Structures are given as C-alpha cells and as structure tokens.
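Encoded as structure tokens, the structure appears first; notes follow it.
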Amino acid sequence: MENYILEMKNISKKFSHIKALDKVNLKVSKGEIHALCGENGAGKSTLMKILSGVYPHKTYDGDIIINGEIKKFHSVRDSEKAHISIIYQELALVRDITVAENIFLGKLKAKCGIVNWNKIYAESKNILDEMEISINLSKNVKDIGIGQQQLIEIAKALILNSDILILDEPTAALTKNETKILMNILMGLKSKGVTCILITHKLDEVFDISDRISILRDGSIVSSFKTSETNENEIIKHMVGRELTQRYPNSTRICKESKFKVSNFSFVDHNENTLVSDINFEVRSGEIVGISGLMGAGRTELISSIFGFMKGKSKGDIYLDGKKINIKCPKDAINFGIAMLNEDRKQYGLILEQSISNNISISSLSLFSTLGVLNKDKEYKDTVLYSEEIGVKAPSVSAKVSTLSGGNQQKVLLARCLMTKPKVLFLDEPTRGIDVGAKYEIYVLMNKLASEGTSIIMISSELPEIIGMSDRVLVMREGKIVAQFQKDEVDQEKIMTKSAGGE
Ligand SMILES: Nc1ncnc2c1ncn2[C@@H]1O[C@H](COP(=O)(O)OP(=O)(O)OP(=O)(O)O)[C@@H](O)[C@H]1O
Ligand SMILES: [Mg+2]
C-alpha cells in the first residue's frame, strides 16, 4: 500500500444552498509535489481552506486523514500545529507594517513584554537568503511590488517548517524570474521530504514541477494522473470537459485610423524618480497592442500614469481621435472613454461586500440614470448580460463578490471595464488567475471589442498571450520602449532578448 501523508475522504461543503464540494477524495503521497487543477470556481481553494482549518471541523462533511489519523481542525492554528501551512490565493499581508514584521506576524514571542527585533530581522534575513532573494526588510509592505509580496507570503510559510505546504496560485503575480526562484525553493523543500500541494492555472508549471495532478471539476475530483503519464491536452480536456484545440481565437478584424497617441511622454513620481520617459506610441482603432517587459520595466507605471492614477508629474502629449486631451485623474480618463483594468484587483478594484451587479455597473452609472434617477431594473438586466457574456460563475448577479472564486472576481472587474464601452481600453494582466477555458472566452471578447473599434493596450507577462493576441508588440525596459514588433515578425526569443537589454 502506498504511504499517503494526506487523505481527504468524501469531503462535501455547502455555502447556504450552493454545493461547492461534493464527496471529494484526494490522496497525496509523502514528499510529492501534487498539482491541483480545475476551472475557476471548481472548488480548489475551498478544499484547501478545509484542509488548513479556515473552514473548521463540522462546517464540512468527510474526513481529513494525516498519516493515517483522522484530524479535526477547529482553526488555522490547529492545522499549523499539525505542520500544515497555506499560502492563500489572495495575499494576506498587512500593508502598513514592515516586511520583517509581516514574516513574523502572529509568531512574535515577547520576553517580559519585549520583542527581540534584532533576532527577528536576523531570522527574516536568513530565510530570505535561503530563498536567494533580497528584499528590504524594513520597508512597509505597501511600498514593495506585488510579486515581492508573494515571495514574503512564502517566507512566512517557510519559517513554520511545515510537513505539508499548500500554495494557492502562488505564481499568478510573479514574473518568470521570480517563478523560477519559487520553483527552485519547492524542489529544495521536496528534497527535504516536504509535501507540496500546488494550485495553479499555469499548466507549464504543473508539468515542470509536479509528480501528480488531480483535477477538480464542479466540486468533484474527476481524475488524478501521474504527471509523467499525461499531457497538457488531456488535463485541459478533464478540466473543461471538452477538447480545446486552439488557445487563441482567430480574428479577421482590420485596424483602422489612429485612435490614441502618446507623444514624448514621461512621468516623475513625488520622490523625483523618473518612472517612464521618451514614450511615443500610437494605437489604431480596432488594434490590440501588447506591452511586454520584465518586472520593473515600467509597464504598469506607464499605463497608470497615462490614466491619471499615479501621483507625480507627467510631461508630453496625449491625443484621442487626433485631439489633444488632458488627463489629471482617472475620472477624466473615464470621461474621455478610456477604461483600465488594474493588476491588483483587491487594492484598486472590487468592493467585496457588494453585489456582482453593483460592482459591474459602478463605472457606467450614467448609462442607467435619467435626471439623476437610477433605473435599477435596467442596471440589473444589463449587468446580467455582461456577467453571462463573460462567464461569471455565480448563483445570480445579486451574490456578493466576496463569495466568488478568485478567477470569477477577476471576470467581474473585466465586465466592469467592458460595460463602459471604452474607446481605449488598458488591460493590465487581464487573464491573471483565469482558467484556460475562460481565458479563451476573454480573448474572444477582446477580439469582438476590437472589431467594434476599441483600441486595446494589454500588458501581459505571459509571452504566448502577448504573441497570440497582439497586432503589435511593444517591449519596455527601464521605463522606455526599446522595441516594437509587428504580429508577423514577433517571437518569444526576440521579446526576451529586447527585454533583457540585448540587441
Ligand atoms: N464564502 C463563500 N460563500 C459562498 N460561496 C462561496 C464562498 N467561497 C466560495 N464559494 C463558492 O464555492 C465555489 C468554489 O469556489 P473556490 O474559491 O473553491 O474555487 P476555485 O477552484 O479556487 O476557483 P479559482 O480558480 O477561480 O480560484 C464557487 O462557486 C464559489 O463561488
Ligand atoms: Mg481559488
């Protein structure tokens, strides 16, 4: 008999009348990296929250068996005592305290009421050294990038010396390089006998690193494979329940006149740092322009500063339909018909305790108001349309956004942008955390929007996505556009060379 460190047996979980998990069985062997795959809303995070005590014993049916023994966790503390730790899909760091304090959050030991900060800084440094990353420990978390925040979550889990480490989409916000660091860390842990359960929508990672793959679909485990005995197509087929022969939809749209133009643009933040400079580009009506580049290349800073989102000073000119426009704040941009999907959905986007409907319509309220009176009925009906078109999985648009799975929250934000029927649409990592099937649907929508005349500017760290969707690709490095490729001349190697500063 195989030696399972973990068995989850007949796990069922309901949220009011919605069945999130239905008699799920999962077996994980000691020391393996076990990938858990499935569409948005399939139940992956819920299953792992049960394992880690977020949903305590008695709020679900079935058994958690660790090393042959039934465990009843009443809290996250209980699961930590059983040497299980989890890194959540949504980052759980406290933004206004330092990196070191975050690493030791909840684990601070005070002697006679005095915390030994020197020791905490030394131990934090050790753990980051071990991970081979350097992050300024005394910076507040809100002042470091989202990728680095994710690495700190991992450091937090590592100091617990767990036997089972659960990572719920740890690489969604990481760059290729950071992902590589993480994958090396996981391989190192594996060699020490640590068992990892990894949830990710990035199938290349699954195949690079996992020993076994289990697939959840609509709340049930549908199949489990040894990684070496299966392939991407088979996994996708089990995840979405159908063959997906193409990853990117064909499009026959024609790019027309110049719609949006940025000329000699630069931006300096309030600390006098030049974030972007010498920026010149234009986007035609119906065109999708991809922006590629490494972390810190200034991609997000570029579109956020154009959009009026960042505090600081901009120089240069922006034209819409040939006319010079002046954007001082996001509201100005929206009034000009420019929309933006942010990369950090939790901080800038969603109102978690409000309904899907309210979250979708919030930027388009003028469409539903006459003389200041909101037509609630029309608002509701239109949000249903958008929510369906984009495939948000929820019982109804009245459901609170906080009850949605991570990927479905992302779809709500995208629906909000689309509802404004923008002339120009900025998308920052639009398919982050989205499953392969739903990605395809989003690409179809982007193409549709473009063929109706919208100009789309998309930042993505996934090169296949940039290449698969863009008519033209701009490559950024150190705050500047360093290369430009047409669709028919671009390839991954060229983008990577230019991103890294090569010729
Ligand atoms: N707190 C909650 N209240 C009500 N329903 C919930 C809650 N949390 C999750 N659900 C529902 O349970 C189902 C499973 O969600 P879960 O977050 O586990 O999906 P997931 O597989 O992690 O998806 P994703 O890939 O998008 O992160 C979804 O239908 C979701 O809407
Ligand atoms: Mg999830």
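The values are calculated or read from the model by the stated rules, or taken from the named source; none is laboratory data. Since the model is a prediction, treat every value here as computed from it, not as a measurement. A quick note on method: Cβ atoms are made from the backbone with ideal geometry, for glycine too, and the neighbour counts reach across all protein chains shown. These accessible areas exclude ligands, DNA and RNA; they are computed on the full protein's heavy atoms, side chains included. Shrake-Rupley method; radii C 1.70, N 1.55, O 1.52, S 1.80 Å.
What to note about this one:
- Residue list for the range 415-442, filter: of a type in the set (A, V, I, L, M, F, W, C) and modelled with pLDDT under 90: CYS417, LEU418, MET419, ILE434, VAL436, ALA438, ILE442
- Every residue from the range 396-419 that is of a type outside the set (Ser, Thr, Tyr) and within 12 Å of ligand 1 (Cβ to nearest atom): ALA399, LYS400, VAL401, LEU404, GLY406, GLY407, ASN408, GLN409, GLN410, LYS411, VAL412
- Evaluation of LYS448 against (1) surrounded by fewer than 23 Cβ atoms within 10 Å (Cβ to Cβ); (2) within 16 Å of ligand 1 (Cβ to nearest atom) (one fails), failing number: (2)
- ILE199 among the β-branched types (Val, Ile, Thr), at pLDDT 90 or above and more than 16 Å from ligand 2 (Cβ to nearest atom): no
- Which listed residue is open to solvent by less than 10 Å² (accessible area, probe 1.4 Å), closer than 17 Å to GLN89 by Cβ and away from ligand 2 (no atom under 16 Å from the Cβ), from LEU216, LEU182: LEU182
- Verdict on VAL76 being within 26 Å of LEU105 (Cα to Cα), in the same structural domain as SER191 (by TED's automatic domain parsing), away from ligand 2 (no atom under 16 Å from the Cβ) and of a type outside the set (Lys, Arg): yes
- Residue match in the range 51-72 (condition: part of a helix (DSSP H, G or I), within 16 Å of ligand 1 (Cβ to nearest atom), modelled with pLDDT of 95 or more and under 27 Å from ILE185 (Cβ atoms)): yes
- Note on the range 450-493: residues that are closer than 13 Å to LEU425 by Cα and in contact with a strand residue (DSSP E or B) (Cβ under 7 Å, 6 or more places away or on another chain) amount to 7.
- Options LEU186, LEU216, LEU182; residue that is among the hydrophobic types (A, V, I, L, M, F, W, C), closer than 25 Å to THR46 by Cβ and within 16 Å of ligand 1 (Cβ to nearest atom): LEU216
Conditions tested, residue by residue: (1) within 16 Å of ligand 2 (Cβ to nearest atom); (2) within 27 Å of ILE235 (Cβ to Cβ); (3) open to solvent by less than 10 Å² (accessible area, probe 1.4 Å).
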position: LYS27; (1), (2), (3): no, yes, no
position: LYS30; (1), (2), (3): no, yes, no
position: ALA42; (1), (2), (3): yes, yes, yes
position: ASP96; (1), (2), (3): no, no, no
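- Any hit, the range 121-130, residues being open to solvent by 40 Å² or more (accessible area, probe 1.4 Å), within 20 Å of the chain's Cα centre (by Cα), not assigned by TED's automatic domain parsing to the domain that holds LEU404 and not aromatic (Phe, Trp, Tyr): no
- When THR274 is tested against (1) among the polar types (S, T, N, Q); (2) touching a residue at least 12 places away in the same chain (Cβ under 8 Å); (3) open to solvent by less than 80 Å² (accessible area, probe 1.4 Å), exactly one condition is not met: (3).
- Selection of helices (runs of 4 or more DSSP H) fully inside the range 300-397 by the criterion of at least 3 residues being open to solvent by less than 20 Å² (accessible area, probe 1.4 Å) returns 356-361, 376-390.
- Output for the range 461-489, where each listed residue is in contact (Cβ under 8 Å) with a residue 40 or more places away in the chain and basic (Lys, Arg): ARG472, ARG477, LYS480
- Just one of the listed residues (ILE351, ILE334, ILE303) is aliphatic (A, V, I, L, M) and in contact with a strand residue (DSSP E or B) (Cβ under 6 Å, 6 or more places away or on another chain), namely ILE303.
- All positions within the range 64-94 that are open to solvent by 60 Å² or more (accessible area, probe 1.4 Å) and of a type in the set (Gly, Ala, Ser): GLY68
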